1. Sorting B:M141, B:M188 by accessible area (1.4 Å probe), largest first, what list results?
2. Considering every pair of different Cα atoms, what Kirkwood radius, in Å, is found for segment A:36-101?
3. List every residue whose amide H lies under 5 Å from the amide H of B:A45, counting only residues 5 or more places away in sequence or on a different chain, with H placed 1.01 Å from N in the peptide plane.
4. May I ask you to report, in nm to one decimal and beginning with the shortest, the distances from B:P21 to the same position in the other copies, taking label points 7 Å along Cα-to-Cβ?
5. In degrees from 0 to 90, rounded to the nearest 10, what is the angle of the helix A:49-59 Cα long axis to the longest principal axis of chain A?
6. I'd like the accessible area for A:Y47, computed on protein heavy atoms only with a 1.4 Å probe and all protein chains in place. Round to 10 Å², please.
7. For chain A, what is the relative contact order in percent, using Cα pairs closer than 8 Å and at least 6 residues apart in sequence?
8. Report, to two decimal places, the Cα Rg of segment A:101-214 normalised by 2.2 N^0.38 Å (N = number of residues).
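The values are calculated or read from the model by the stated rules, or taken from the named source; none is laboratory data. Computed from a predicted structure; not experimentally measured. Here the Cβ positions follow ideal geometry from the backbone for every residue, glycine too, while neighbour counts run over all protein chains shown. Side chains are part of the model used for accessible areas, which takes the heavy atoms of the whole protein and leaves out ligands, DNA and RNA. Shrake-Rupley method; radii C 1.70, N 1.55, O 1.52, S 1.80 Å.
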There are 2 protein chains.
Amino acid sequence: MTLNEGGGLQLKELSERTGVPPASIKFYLREGLLPAGQAITATRARYSPQHASRLELIQALRRVVGLNIAQIRKLLKLADDGVPRLELLAAVQRTVLRLDEVGTEHGDIRTPAGDAVVRLRNWPDAPSDARNALNAHVALMDSLNIPVTTELLDAYSKALDTIADLDIAATTAPDDVNRLIMTAAVGMHMHSQLVLKLLAFAQASHAIRRYEDA
Amino acid sequence: MTLNEGGGLQLKELSERTGVPPASIKFYLREGLLPAGQAITATRARYSPQHASRLELIQALRRVVGLNIAQIRKLLKLADDGVPRLELLAAVQRTVLRLDEVGTEHGDIRTPAGDAVVRLRNWPDAPSDARNALNAHVALMDSLNIPVTTELLDAYSKALDTIADLDIAATTAPDDVNRLIMTAAVGMHMHSQLVLKLLAFAQASHAIRRYEDA
DNA sequence: CACCATTGGATAGTGGTTCTATCCTATGAC
DNA sequence: GTCATAGGATAGAACCACTATCCAATGGTG
């Protein structure tokens, strides 16, 4: 077999190993999610193990995290452009936690909740996507007549401060970019869902208590 | 105008007041989200203010909370069947917080995280959707090799305990069923999103600190 | 009494998303 | 020489939430 010189995979083999149908691989190729294989001849192409791990990343981002094609493309482009890790992780956070899906088009944000939280928690006073998202979200809640008091922000942020500390401490960063994104994205998604489920559980438990007492 | 005897609205008027196109109203009628109007004659129908508030509820559930038609239909059916409020609110929580969207089909759940949390927080030891969802989610994280230690659960649940207490205390329940669901669903959604945004902000802040210190 | 608007019901079409399938030609492998 | 495969193009499927069109019946209006 001259084909597999150098350990390269053909499209069909790539498909078999990852369980992704050839037609889907071609689709990802077309959409620019998966870089073209090395055209070894005009009708043969060779895919590297990086292609396999990229494909697994795409699958995880689609099936587990639930991102759409456009979001995945943006993230992968950043990775391929070799942006600094911190920037890459910020983009992963923004995408995975849907930080840019708020109606930020409300013009100026009149609810500087971020400022309040920064003071309350003594966090560094730096701009961030998360801070903007928070401001926009609080503004949205205001417009829906759902009050967000400073006391609420204090209690929430105090609680989440301890969680975030744990999260960041537990973070390990793999060297391979595909794995880095995979770990970060899946981890963030899973942890945020865990928080939501625990919150639901907590609320349900408190509701039961109130109901029993009454 | 004999039509508006009794203050009823015609479909077109209903449309004009709520801003929902007539074709969409017909669609909701077909899908069983909106009960049929009172057929005052064979070709005239009259819609009550309840129809308007129901329509507004549907809009909020779709546009703000992001539920799909099937989910909305289930919720409204419960309301129309007159199930007890606590049960209704549990269903709202399950739907809004996507408690049933985990792969609970994994057979038996081998990670009784709920038990641990119940002990740690001294919560009532009662079954709930939230508890099941938590168990399923922790099992999923286990299967993805994302460790969920008791220490993590302790810190998370402790933090969320205080938040849930605030949330439940702040809850007011309107009498009108449509408004009840609207308030509960929008409130839960907004608060959960607030938690997520604050968590993201907290993580970003901690990351900055670490980065600066290093 | 003629006509216009409106109703419920049926049916079909739209636009977006993510694939999945088919067809094609070129060409390397055996 | 025959077969499998590559890339490219194109089309179709399935799902979702509408949106539009057509229809016959009929009430209200002038």
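1. B:M188, B:M141
2. 13.3 Å
3. B:L11, B:I40
4. The answer, with the shortest distance listed first, is 3.3 nm.
5. 40 degrees
6. Approximately 20 Å² for this residue.
7. Numbers: 152 pairs, mean separation 40.5, N = 214.
Contact order relative to length: 19 percent.
8. Details: Rg = 17.1 Å, N = 114, 2.2 N^0.38 = 13.3 Å.
For segment A:101-214, the normalised Cα radius of gyration comes out at 1.28.
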